[in-house]
Amino acid sequence: MNKYQIKTHSAQETIDLAEKISTLAKPGDVMTLEGDLGAGKTTFTKGFARGLGVKRTVNSPTFTIIKEYAGRLPLYHMDVYRLEHSDEDIGFDEYFNGQGVCLIEWAQFIEEFLPEDRLKITITYINDQTRLFEFEPSGDHFQQLAAEVLV
Ligand code: ADP
Ligand code: MG
């Protein structure tokens, strides 16, 4: 499996990167965001939302698990941190197979529910302003997307 690495040197660079990726998003896309608190998962989502033309401000959905935003495609922003010790299926498939794009923070906690085709994004804190993004695309669509926008 191809792996793509990109370093960003500011929150703005992360926003720009996410915005670029969002231009190739399709209905039913699932992108997972893994990385410690403060890594930049929500910042990435803000940029992605901007690229989809979402007008509302995107905030961390920690207390609601799923927040929906209207854009070129609907954006389903999930933060499944609270599901770490639960194996509850809260109806993920409806979102994964829907008309929108799912961005899932702490996706490792719902690993068993994730579709095979997805864009796995792992963010590592390097220093105050620098983050390492690692992208692991699975399936044709995400491999093409990655080859187009991540090189
Ligand atoms: P998470 O959702 O992973 O907990 P957030 O996106 O909420 O993380 O927070 C990331 C914080 O790190 C923000 O305050 C952001 O401004 C800051 N930051 C600094 N450099 C970067 C960078 N290169 N990419 C993303 N965020 C960055
Ligand atoms: Mg967050």
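Tabulated data for the structure shown
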read-out	value
Unique residue being within 8 Å of ligand 1 (Cβ to nearest atom), in contact (Cβ under 8 Å) with a residue 24 or more places away in the chain and under 10 Å from the mean Cα position of the chain (by Cα) when the list is Thr42, Thr32, Thr14	Thr42
Pair list, Cβ under 9 Å, 6 or more apart: the stretch 49-69 residue open to solvent by 80 Å² or more (accessible area, probe 1.4 Å), other residue among the basic types (Lys, Arg) and within 13 Å of ligand 1 (Cβ to nearest atom)	Thr57/Lys46
Criterion violated by Lys55 - all others in (1) modelled with pLDDT under 95; (2) more than 10 Å from ligand 1 (Cβ to nearest atom); (3) out of contact with any helix residue (DSSP H, G or I) (no Cβ under 7 Å at 6 or more places or on another chain) satisfied	(1)
Within the stretch 40-151, strands (runs of 3 or more DSSP E) holding 2 or more residues that are of a type in the set (Phe, Trp, Tyr)	130-138
Which numbered condition Gly98 fails, given (1) surrounded by 13 or more Cβ atoms within 10 Å (Cβ to Cβ); (2) on the phi > 0 side of the Ramachandran plot	(2)
Options Gly40, Gly35; residue that is within 13 Å of ligand 2 (Cβ to nearest atom), modelled with pLDDT of 95 or more and buried (at least 22 other Cβ atoms within 10 Å of the Cβ)	Gly40
Criterion violated by Tyr95 - all others in (1) free of Cβ contacts under 8 Å to residues at least 24 places away in the same chain; (2) touching a Phe, Trp or Tyr at 6+ places or on another chain (Cβ under 7 Å) satisfied	(1)
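The values are calculated or read from the model by the stated rules, or taken from the named source; none is laboratory data. Please read these numbers as outputs of a predicted model, since none were measured by experiment. Please note: Cβ atoms are built from the backbone with ideal geometry, for glycine as well, and neighbour counts cover all protein chains shown. In case anyone asks, the SASA skips ligands and DNA or RNA and just uses the protein heavy atoms, side chains included. Shrake-Rupley method; radii C 1.70, N 1.55, O 1.52, S 1.80 Å.
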